[in-house]
1. Under the rule of at least 5 residues apart or a separate chain, name every residue whose amide H is placed under 5 Å from the amide H of Gly187.
2. Report the semi-axes of the equivalent ellipsoid for the range 293-333 in whole Å, largest first, where each axis is √(5λ) for an eigenvalue λ of the Cα gyration tensor.
3. Between beta-carbons, use under 12 Å as the cut-off and find the net charge around Ser262, counting Lys and Arg +1, Asp and Glu -1.
4. Residues with beta-carbon under 12 Å from that of Arg117, excluding Arg117: net charge, scoring Lys, Arg +1 and Asp, Glu -1?
5. For the range 8-52, what is the per residue volume of the convex hull drawn over the alpha-carbon atoms, in cubic angstrom?
Amino acid sequence: MSVERPTLDTVAKAAGVSRMTVSNAYNRPDQLSAATRERVLAAAAALGYGGPDPAGRSLRRGRAGTIGVILTESLSYAFTDPGLVQFLRGVGDEMSAAGQAMLLLPADADDDGSLVRSAIVDAFIVCSIRDDDPAVTAVRSRHLPFVSSGSPRLPAAPYVGIDNRKAAVLAAEHLLALGHRRLGIVGVPEEMPVAPDSRVVRTRQGFAERVAGFVATAAAVGIDPDSVVVAYAETNAVDSGAEAATRLLGRRQRPTAIFAVSDVLALGTLSAAASLDITVPGELSVVGFDDIDEAAHSRPPLTTIAQDLREQGRQAARLALGLVEGKTTRSRPWRPHLLVRESTAVAPRSRRGTGVTAVTGDAVVRDLRPSRPGATH
């Protein structure tokens, strides 16, 4: 025999009050005396009534009190990526202050956009999604306010983020000014496997833009783009970064400087150099990207492109909340900056024949001093 689920009406009858009084006990407790609310809640508990249906309540109020954050990566990865964690902390700061909730939606598990279309939210923050992703199409179909962050820059939506190409130029110019001409990059491929089920997802567009900006800057001073070797890490993780850097450092003409498209990969590069007894920055300079907390505490402290991801998260949330309230919002441009620490230095001299070539700025100076047995340069 089936048992009917209790409703507002059955609770109202049991408590001897109106249906509206039961609703107020949950939604507007300030409208009731403490004794009346206690009587209603006691009757509800006795009947096994858990309160009004949240979805129905949202429809009646026209507000969910929740902002959806759409991520490129899986949820398990989201909690392991320090940069993404910083961004989400910033979103959380603003949502908590506003008494609102945050719903994480993984685009990698939403092949047809159904998660986005069924999400009970007031607005979306689209975080580092490719513009042709089904999740973006689903967001547009909802006709709800949304903010984009990282990538892509979507028409008619506020944007929070940096120009990744221009940011990578800062890293290249820094290394070139130090005299480095043998350059390597630790990057992330366009597609990345996701554990534990070996699905493959597309990675953030910004990673590829960072590689392109770095290589173009090197080419502008006469360095053959094909000589800037890119080693792709399997995932954006320290161990994968170390493996990719090891391949670069095992080359016959190993780079004197490596640019990693994230600090996580740069930390892996430092680990690889240490395991190969390559001194940083004496024999190898390393530049990362993001300025995560660990960057300042690595050995040596990491030179990196800083972009304040936590504050970007705060701004994205503020913009989304403002759109929900019908406010006209404007996103301000973000300007990353080069944060020079101890992982970069002037390029080491390299032996060539009987002399040593030292590179300073854009000039190549040939040192023709004869080598001496046992001499070091």
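1. Residues meeting the criterion, in which the H sits 1.01 Å from N, are Ala231, Tyr232, Ala233.
2. Numbers: eigenvalues 221, 18, 2 Å².
Largest first, the range 293-333 gives 33, 10, 3 Å.
3. Summing Lys/Arg as +1 and Asp/Glu as -1 gives -3.
4. Numbers: positive: Arg140, Arg142; negative: Asp110, Asp112.
Once positives and negatives cancel, what remains is 0.
5. 55 Å³
The numbers here are math on the coordinates, done by the rules we state, and not lab data. Nothing here was measured: the structure is a model prediction, and the numbers come from that model. Neighbour counts run over all protein chains shown; Cβ positions are idealised from the backbone, glycine included.
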